[in-house]
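The values are calculated or read from the model by the stated rules, or taken from the named source; none is laboratory data. Every value quoted in this text rests on a predicted model; they were computed, and no experiment measured them. Counting neighbours? That spans all protein chains shown, and the Cβs are built from the backbone with ideal geometry, glycine included. Surface accessibility is based on the protein's heavy atoms, side chains included, excluding ligands, DNA and RNA. Shrake-Rupley method; radii C 1.70, N 1.55, O 1.52, S 1.80 Å.
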Amino acid sequence: MLIIGALGLSMVAAFYLAMANHSSVQFSDNSFEVLSNTQSTAIVDITKNAEDTVQCEVRAMNESYAIVGWKTLIVGPSEGKGSTTQRHNVNLRTEALATTVGIEECRVLKVS
(Lines give C-alpha, C1' and ligand atoms only; values in the text may rest on other atoms or scores of the structure.)
Protein backbone atom coordinates (compact mmCIF):
# COMPACT_ATOMS: atom_id res chain seq x y z
CA MET A 1 0.00 0.00 0.00
CA LEU A 2 2.87 2.34 0.81
CA ILE A 3 4.43 1.72 -2.62
CA ILE A 4 1.15 2.58 -4.39
CA GLY A 5 0.86 5.81 -2.39
CA ALA A 6 4.44 6.81 -3.22
CA LEU A 7 3.87 6.03 -6.89
CA GLY A 8 0.70 8.13 -6.93
CA LEU A 9 2.46 11.03 -5.22
CA SER A 10 5.35 10.91 -7.69
CA MET A 11 2.89 10.94 -10.61
CA VAL A 12 1.14 14.01 -9.20
CA ALA A 13 4.51 15.74 -8.73
CA ALA A 14 5.58 14.90 -12.29
CA PHE A 15 2.28 16.25 -13.67
CA TYR A 16 2.67 19.48 -11.66
CA LEU A 17 6.23 20.02 -12.93
CA ALA A 18 5.18 19.37 -16.52
CA MET A 19 2.35 21.89 -16.27
CA ALA A 20 4.55 24.47 -14.50
CA ASN A 21 7.06 24.30 -17.36
CA HIS A 22 4.37 24.44 -20.07
CA SER A 23 4.32 27.85 -21.74
CA SER A 24 1.22 29.38 -23.26
CA VAL A 25 3.39 31.07 -25.89
CA GLN A 26 4.79 29.37 -28.99
CA PHE A 27 7.28 30.86 -31.42
CA SER A 28 9.05 30.00 -34.63
CA ASP A 29 11.54 31.48 -37.07
CA ASN A 30 10.06 32.29 -40.43
CA SER A 31 13.09 33.75 -42.25
CA PHE A 32 16.10 36.00 -41.81
CA GLU A 33 18.30 38.24 -43.91
CA VAL A 34 21.84 39.48 -43.30
CA LEU A 35 21.94 43.01 -44.69
CA SER A 36 25.55 43.89 -43.81
CA ASN A 37 28.24 43.32 -41.18
CA THR A 38 26.20 45.47 -38.80
CA GLN A 39 22.55 44.83 -39.72
CA SER A 40 20.29 41.76 -39.88
CA THR A 41 16.56 41.14 -39.84
CA ALA A 42 14.44 38.22 -38.69
CA ILE A 43 10.80 37.48 -39.40
CA VAL A 44 9.31 35.50 -36.51
CA ASP A 45 5.86 34.12 -35.73
CA ILE A 46 4.53 34.33 -32.17
CA THR A 47 1.38 32.53 -31.01
CA LYS A 48 -0.01 33.64 -27.64
CA ASN A 49 -3.23 34.32 -25.78
CA ALA A 50 -4.61 37.60 -27.10
CA GLU A 51 -4.67 39.22 -23.65
CA ASP A 52 -1.07 38.27 -22.74
CA THR A 53 2.06 40.37 -23.02
CA VAL A 54 5.14 38.35 -23.95
CA GLN A 55 8.86 39.04 -24.01
CA CYS A 56 10.91 37.36 -26.73
CA GLU A 57 14.67 37.29 -27.22
CA VAL A 58 15.95 37.42 -30.79
CA ARG A 59 19.62 36.69 -31.43
CA ALA A 60 22.07 36.83 -34.33
CA MET A 61 25.02 34.43 -34.39
CA ASN A 62 28.17 34.17 -36.49
CA GLU A 63 29.64 31.07 -38.11
CA SER A 64 31.22 30.03 -34.77
CA TYR A 65 27.77 30.26 -33.08
CA ALA A 66 28.89 33.27 -31.04
CA ILE A 67 26.14 35.82 -30.41
CA VAL A 68 26.86 38.99 -32.41
CA GLY A 69 23.50 40.71 -31.94
CA TRP A 70 20.57 40.57 -29.51
CA LYS A 71 17.21 42.29 -29.25
CA THR A 72 14.34 41.99 -26.79
CA LEU A 73 10.91 42.09 -28.42
CA ILE A 74 7.85 42.92 -26.29
CA VAL A 75 4.49 41.92 -27.79
CA GLY A 76 1.51 43.36 -25.96
CA PRO A 77 -2.14 42.37 -25.89
CA SER A 78 -3.97 42.16 -29.21
CA GLU A 79 -7.56 42.33 -30.41
CA GLY A 80 -9.76 39.30 -29.99
CA LYS A 81 -9.88 36.39 -27.60
CA GLY A 82 -8.11 33.08 -27.40
CA SER A 83 -4.93 32.19 -29.21
CA THR A 84 -3.57 34.56 -31.86
CA THR A 85 -0.54 34.34 -34.14
CA GLN A 86 1.35 37.46 -35.14
CA ARG A 87 4.27 37.89 -37.52
CA HIS A 88 7.01 40.36 -36.52
CA ASN A 89 9.89 41.81 -38.51
CA VAL A 90 12.79 42.38 -36.10
CA ASN A 91 15.79 44.54 -37.05
CA LEU A 92 19.03 43.82 -35.21
CA ARG A 93 22.33 45.66 -35.05
CA THR A 94 25.25 43.26 -35.08
CA GLU A 95 28.86 43.54 -33.96
CA ALA A 96 30.07 41.31 -36.81
CA LEU A 97 28.70 39.45 -39.82
CA ALA A 98 25.83 37.17 -38.76
CA THR A 99 25.20 33.83 -40.42
CA THR A 100 21.91 33.08 -38.68
CA VAL A 101 19.23 35.14 -36.94
CA GLY A 102 16.27 33.80 -34.99
CA ILE A 103 14.14 33.76 -31.91
CA GLU A 104 15.80 32.26 -28.83
CA GLU A 105 12.90 32.17 -26.35
CA CYS A 106 9.61 33.78 -25.35
CA ARG A 107 7.84 34.02 -22.03
CA VAL A 108 4.61 35.50 -20.74
CA LEU A 109 5.14 38.60 -18.61
CA LYS A 110 3.20 38.95 -15.39
CA VAL A 111 1.27 42.22 -15.60
CA SER A 112 -0.19 43.57 -12.39
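Could you tell me which residue of region 67-82 is most open to solvent (accessible area, probe 1.4 Å), considering only residues that are of a type in the set (Gly, Ala, Ser), more than 13 Å from ALA42 (Cβ to Cβ) and touching a residue at least 24 places away in the same chain (Cβ under 8 Å)?
GLY80
Of the residues that sit in region 83-112 and are among the polar types (S, T, N, Q) and assigned to a loop (DSSP other than H, G, I, E, B), which one is least open to solvent (accessible area, probe 1.4 Å)?
THR94
Within region 8-49, which residues are modelled with pLDDT of 95 or more and in a loop (DSSP other than H, G, I, E, B)?
If the condition is that a residue be modelled with pLDDT of 95 or more and in a loop (DSSP other than H, G, I, E, B), then VAL25, LEU35, SER36, ASN37, THR38 are the ones that fit.
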